[in-house]
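Enquirer: Take a look at this one; I'll ask things after.
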Amino acid sequence: MASHPSLLFHAFLFLLLAGDGEAATLSSPTAAAGVLNTTEFIRQSCDGTLYPSLCFTSLVGYASVVQQSDARLSQVASDFTSARVRSASRSLSGALASTGPVAGPRLRAALRDCSDLMSDAAEWAGQAAEALRGVENLVGPEVTWRVSNALTWMSSALTDEDTCTDELEKLAAPTGSADCWSKASEVYRRVRKAEKHTSIALALIHKLGF
């Protein structure tokens, strides 16, 4: 039985995301020209986001998968974002577990709230990525329904991340030991980076026409 194109695409996408993110070497001049065109497509698409440089450097390695498709670009961006949000969530949980009472009540409360928020954000981002899986092969109301859900869930992830960073920013001065504050600052940077990726994915999903 012939393999379904969608299954081949998703298998290839999984291999790329599981690896180091570098595109495969292309020997055909035509294929190489296609990648160059797709690279420019990604650059132009990223120009419509709040963080064009981060967007481009994060996604250009997947040019051979994107193939100048807005649907595939939004899916790749959503998968990439989901992975980054999960990583930030794990980092935050680890920081909370390692700080202990010495961190002080304000810092621990902020980390505890952020841990819950980022756990939810990881779930929302994952659901958004799943909603977009295979959407390039669909037509009609199913596309509208899936993209609408992806927008809702990715927006929810961004809201939770924004609330988390606000919680940490309220701590105007270091609280507790210097080591604990250093851990909190690192968590803040990771969450802020994940928040930027979420904003990028949301903007690219919007490009699908909603």
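The values are calculated or read from the model by the stated rules, or taken from the named source; none is laboratory data. Here the structure is a predicted model, which means the values were calculated and not measured. As a convention, Cβ positions derive from the backbone with ideal geometry for all residues, glycine included, and neighbour counts pool all protein chains shown. Accessible surface is based on the protein model in full, side chains and every heavy atom, while ligands, DNA and RNA are left aside. Shrake-Rupley method; radii C 1.70, N 1.55, O 1.52, S 1.80 Å.
Enquirer: Among the residues of the range 121-141, write down those that are part of a helix (DSSP H, G or I) and open to solvent by less than 70 Å² (accessible area, probe 1.4 Å).
Expert: 121, 122, 125, 126, 127, 128, 129, 131, 132, 135, 136
Enquirer: Oh, and also: Here is a list of conditions, (1) free of Cβ contacts under 8 Å to residues at least 60 places away in the same chain; (2) small (Gly, Ala, Ser); (3) closer than 16 Å to residue 196 by Cβ, and residue 61 meets all of them except one; can you say which number that is?
Expert: Looking at each condition in turn, residue 61 falls short on (3).
Enquirer: Right, another one. Please go through the range 185-210 and pick out each residue that is in a loop (DSSP other than H, G, I, E, B) and open to solvent by less than 70 Å² (accessible area, probe 1.4 Å).
Expert: Result: 208, 209.
Enquirer: Can you tell me how many residues in the range 142-163 are more than 17 Å from residue 194 (Cα to Cα) and open to solvent by 30 Å² or more (accessible area, probe 1.4 Å)?
Expert: 8
Enquirer: Of the residues 89, 82, 74, 78, only one is out of contact with any strand residue (DSSP E or B) (no Cβ under 8 Å at 6 or more places or on another chain) and more than 15 Å from residue 154 (Cβ to Cβ); which?
Expert: 89
Enquirer: So which helices (runs of 4 or more DSSP H) stay within the range 1-109 end to end and still have 1 or more residues that are at pLDDT below 80 and open to solvent by 70 Å² or more (accessible area, probe 1.4 Å)?
Expert: Answer list for the range 1-109: 5-18, 29-46, 70-99.
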